[in-house]
Amino acid sequence: MAAPLQPCPDVSLVIPVYNEEENLPVLHGEIRQAMEGAGVLYEVIYVDDGSTDGSPEILRGLARGDAHVRILRQRRNAGQSAALDAGFRFARGPVVVTLDADLQNDPADIPRLLARLDGFDVVSGVRAQRRDTWVRRISSRIANGIRNRVTRETVTDVGCTLRAARTEYLRRIHVFNGMHRFLPTLLRMEGARITEVPVNHRPRLHGVPKYNIRNRALRALVDLFGVRWLQTRWIDRRLSEEITGEDEARG
Ligand code: UDP
Ligand code: MG
């Protein structure tokens, strides 16, 4: 029998999982350690993005042993953006923290991200010392530069998935397959106040990266022009306001 649902949490962790069987038990141990000390009510939403390895079974085991855990399953592999979006809609907390399941992000950074939310709607991690191959580091530096120039942005490290954001903004953004590479821009378009903090980054020890230059670069470029187009055609819904009879009387 599933454990009873915990009371409404302050924070929902949303973690996309695609074939990460070796990483999940370690990750969950680190999350527990980080969150027990954080002094907030939390839930951990693992979004299994159609894994074909032992991840689903491991997640079920984690949920049996810990009432903070909730599992969402995509019926087939639908991509990191789709998994995140499903998690955003499923989250019960007013704040969502996203991180990868591959242990490259460090859950110990989460309390610091949450503390910075005061006065902001999004706190984005910046990998100060990136632990990836040089090909990845250089290609993402070039990608960040081009992306910032085309979208008139100043995002330092859009590829860092470790973020805290207010759930209301995450639910409002335009979603598409690939949106995870543009989240700060999409959130800013919705009026979110964004800040950045340096975070730890670690090498991937188990499992394989799901992206490489070939399957990432062209798609990201097409998406970039899509996002730019959306920016130039943007309708700012926040401009609409109701005028009541009382306002009219006051002139
Ligand atoms: N992921 C996913 N669906 C996919 C590809 C990746 O849910 O189709 C998850 C993956 O398990 C990991 C995160 O998204 O938790 C980031 O993937 P990865 O570490 O391969 O990306 P990179 O570090 O290369 O940006
Ligand atoms: Mg990774």
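Just so it is clear, none of the values below were taken in a lab; they were calculated from the coordinates. Small disclaimer: the values here were computed from a predicted structure and weren't measured. Because the Cβ atoms are built from the backbone with ideal geometry, glycine has one as well, and the counts that use them run over all protein chains shown.
Looking at the chain only, what percent of DSSP beta bridges run antiparallel? Nearest 5 please. Within the chain, antiparallel bridges account for around 25 percent of the total.
Centroid-to-centroid, using Cα positions, the stretch 208-225 and the stretch 28-56 are 27 Å apart. Each stretch of four or more DSSP H residues adds -39500 (n - 2.57); spread over every residue of the chain, this sum gives -12000 deg cm²/dmol at 222 nm. Taking every alpha-carbon pair under 8 Å whose residues sit at least 6 apart, the stretch 1-141 reaches a relative contact order of 33 percent. Show log10 I(q)/I(0) for the stretch 33-170 at q = 0.19 Å⁻¹, two decimals, from a solvent-free Debye sum over equal Cα scatterers. Debye output, listed in q order: -1.33. Taking 10 °C and 1.306 mPa s as conditions, the stretch 110-251 diffuses translationally at an estimated 93 µm²/s according to Stokes-Einstein applied to its Kirkwood radius (Cα pairs). Expressed in Å, the radius of gyration and Dmax of the Cα atoms of the chain are 19.0, 67. Dimensions of the stretch 16-83 from C-alpha coordinates, computed as largest minus smallest value along each principal axis and given longest first, are 36, 21, 17 Å.
Working from Cα pairs under 8 Å separated by at least six residues, relative contact order for the chain is 22 percent. Taken about its Cα centre, the stretch 122-163 carries a charge dipole of roughly 80 debye when the Cβ of each Lys and Arg holds +1 and the Cβ of each Asp and Glu holds -1. The charge dipole of the chain, taken about the Cα centre with unit charges on the Cβ atoms of Lys, Arg (+1) and Asp, Glu (-1), comes to about 1080 debye, rounded to the nearest 20. Between H206 and T154, the modelled label-to-label distance comes to 4.1 nm, taking each label 7 Å out from Cα in the direction of the beta carbon. When each of the peptides 104-115, 59-70, 160-171 is scored by the mean number of other C-beta atoms lying within 10 Å of its residues, the order from highest to lowest reads 160-171, 104-115, 59-70.
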